[in-house]
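Worksheet: the structure to be examined is printed underneath.
Taken together, the values in this text are just the output of simple stated rules run on the coordinates, not laboratory data. No experiment lies behind these values; they were computed from the predicted model shown. With ideal geometry, Cβ positions are generated from the backbone for all residues, glycine too; neighbour counts draw on all protein chains shown.
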Ligand code: CAA
């Protein structure tokens with residue numbers, strides 16, 4: 001695909017947004033390519049995805065400002081829907097997605113990272129929602145996910161002031177789980193993805209579903225969702241395998257996603 005590369009290493013898929021001349025900014029074509037890359041993920045084989053940016057400098061420098069410049073009201077709303085639809089797809093993708101943020105994560109770049117399950121970043125990463133400085137609001141989920149991730153006070157400060165924050169500050173406020181030297185970021189992402197992929201895939205998927213859906217509802221409704229997800233794991237090969245390995249004091253487990 002033109003602006004998005006997809007490769008696999010065992011049960012781990014790696015999606016790279018690759019438009020380095022524009023610091024991987026998201027135009028309609030990049031968004032379409034990203035959607036197509038997600039279509040191409042073989043969910044029978046792949047158990048965890050990594051999303052990263054091409055080059056050493058930028059994860060994603062935002063939505064494409066050139067493309068947005070001439071939009072009218074309806075066009076602006078439609079562009080926001082286009083981005084949001086794909087980011088919602090990433091958020092609810094059946095398997096976990098790790099954002100390996102390898103540089104600028106501004107505007108739509110910060111937003112796409114927040115649609116992933118887990119964010120880790122390189123020490124040169126820069127996060128921010130600069131939109132109000134461009135005369136617009138965040139439009140790919142930033143007003144919604146940043147407040148949910150770091151709390152409304154910090155989210156409002158960042159969004160209203162349009163100030164960027166470095167990796168250490170992103171770590172301090174809980175926007176990222178860990179910070180690595182640039183060259184260690186992808187290996188760290190792969191290591192984490194492999195650790196996730198080694199667990200029972202049906203159980204991992206049900207965990208993602210329970211956490212994501214539970215965050216939208218009351219604790220009672222959330223625990224009901226958890227009960228359902230818990231139940232769904234039973235009668236699977238992998239439940240028998242995981243518990244059987246424990247009972248037989250066996251270290252090796254053969255999870256087959258069934
Ligand atoms: N859209 C389009 N092109 C972009 C871009 C973007 N968001 N970000 C960078 N580029 C392009 C630049 O125009 C430049 O292209 P040319 O070489 O053809 O001029 C190229 O990428 C390199 O950029 P710079 O020369 O500016 O690189 P730099 O290292 O000096 O600065 C930067 C890097 C600080 C990230 C700077 O490029 C920048 O501020 N980019 C814009 C960041 C931004 O405001 N993002 C939010 C966009 S709005 C949004 O995302 C809305 C939403 O929520 C949906």
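Side notes on the structure shown:
- Using the rule -39500 (n - 2.57) for each DSSP H run of four or more residues, divided by the residues of the chain, the 222 nm mean residue ellipticity is -14500 deg cm²/dmol.
- If a spin label sat at a point 7 angstrom from the Cα of residue 178 along the line to its beta carbon, the backbone N atoms of the range 35-61 nearer than 17 Å would be those of 48-52.
- Protection-proxy order for peptides 109-118, 158-167, each taking the mean of Cβ atoms within 10 Å per residue, highest first: 109-118, 158-167
- In the range 82-169, the DSSP beta bridges split such that about 20 percent are antiparallel, to the nearest 5.
- Helix axis angle, 201-214 relative to the chain longest principal axis, alpha carbon, degrees: 50
- Cα gyration tensor, the chain - rounded (a/c under 1.5), prolate or oblate: prolate
- Relative packing of 91-103, 124-136, which averages over residues the other C-beta atoms within 10 Å, highest first: 91-103, 124-136
- In degrees, nearest ten, helix 219-233 long axis to first principal axis of the chain (Cα): 50
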